[in-house]
Amino acid sequence: MKKRKWFVESLLFGMIVMNVTLLLDTVGMQFSFWEYPVEFLPVIPRGFPFDVSMVPVAFILLFQYFQTWKSFIIAQVIMAIAYAFIGEPFCEWLHLVRYFKWNYLYSFVYYIILGIVVRALILKCMMVSKRYYEKKWSPS
């Protein structure tokens, strides 16, 4: 981790991204937007390896290394392009996923919105927490 003082925030960021991704992946499969033809392990959902590793780790790294909004959004767009227009077509070509009612552009927008919303949430929580502790521990 780049900044140890952001360790808890980074983990929280990754956990939120992971939970949202797991939830939306399940919803997408239920509505037949896509399917995962390959089952990595029979006891876990088929998209689970992607949802708990590749997506949250990339988001955590962006959160760690791009501290300003401008740099974060630029990095987020680059990551979204790589995941939506390179990674997903590659996974489809390998027959790891099959899209029915889904477009790569939807994924691109999803990755950007998810990163911005979760980062804003974490930064807001950090600000509220900082104000609380400053108020609590300040001399009265």
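The values are calculated or read from the model by the stated rules, or taken from the named source; none is laboratory data. Computed from a predicted model, the values in this text were never measured in an experiment. Because the Cβ atoms are built from the backbone with ideal geometry, glycine has one as well, and the counts that use them run over all protein chains shown. Please note that ligands, DNA and RNA were not included when accessible areas were found on the heavy atoms of the full protein model with its side chains. Shrake-Rupley method; radii C 1.70, N 1.55, O 1.52, S 1.80 Å.
Things worth noting here:
- Nearest 10 degrees, 0 to 90: helix 69-82 Cα axis against the chain principal axis: 10 degrees
- Partner aspartates and glutamates whose Cα lies under 18 Å from the Cα of LYS124, excluding those fewer than 8 positions away in the same chain, are identified as GLU9, GLU134.
- Approximate spin-label separation LEU61-LEU123, in nm, with each point projected 7 Å along Cα-to-Cβ: 2.2 nm
- Of all accessible heavy-atom area on the chain, the percent that carbon and sulfur account for (1.4 Å): 72 percent
- Over the stretch 34-99, volume per residue of the alpha carbon convex hull, in Å³: 82 Å³
- For LEU62, solvent-accessible area (1.4 Å; no DNA, RNA or ligand), Å²: 20 Å²
- Where labels lie 7 Å past Cα in the beta-carbon direction, separation of PHE40 and LEU105 in nm: 3.0 nm
- With all protein chains kept in place, the per residue accessible area of the chain amounts to 65 square angstrom at a probe of 1.4 angstrom.
- Between helix 7-30 and the chain: long-axis angle, C-alpha atoms, 0 to 90°, nearest 10: 30 degrees
- Debye log10 I(q)/I(0) at q = 0.11, 0.17, 0.19 Å⁻¹ for the chain, Cα point scatterers: -0.47, -0.95, -1.13
- Normalised alpha carbon radius of gyration of the stretch 1-78 [divisor 2.2 N^0.38 Å]: 1.27
- Using θ = phi - 60° and Karplus 6.51 cos²θ - 1.76 cosθ + 1.60, couplings along the stretch 93-110 (whole Hz; Gly, Pro as x): 4, 7, 6, 7, 9, 10, 9, 10, 10, 9, 10, 4, 4, 4, 5, 4, 5, 4
- Global geometry of the stretch 31-71, whether rounded, prolate or oblate, following the gyration tensor of its Cα atoms and the 1.5 cut on a/c: prolate
- The accessible-area ordering, largest first, of the residues ARG119, ARG46 stands as ARG46, ARG119, per a 1.4 angstrom probe.
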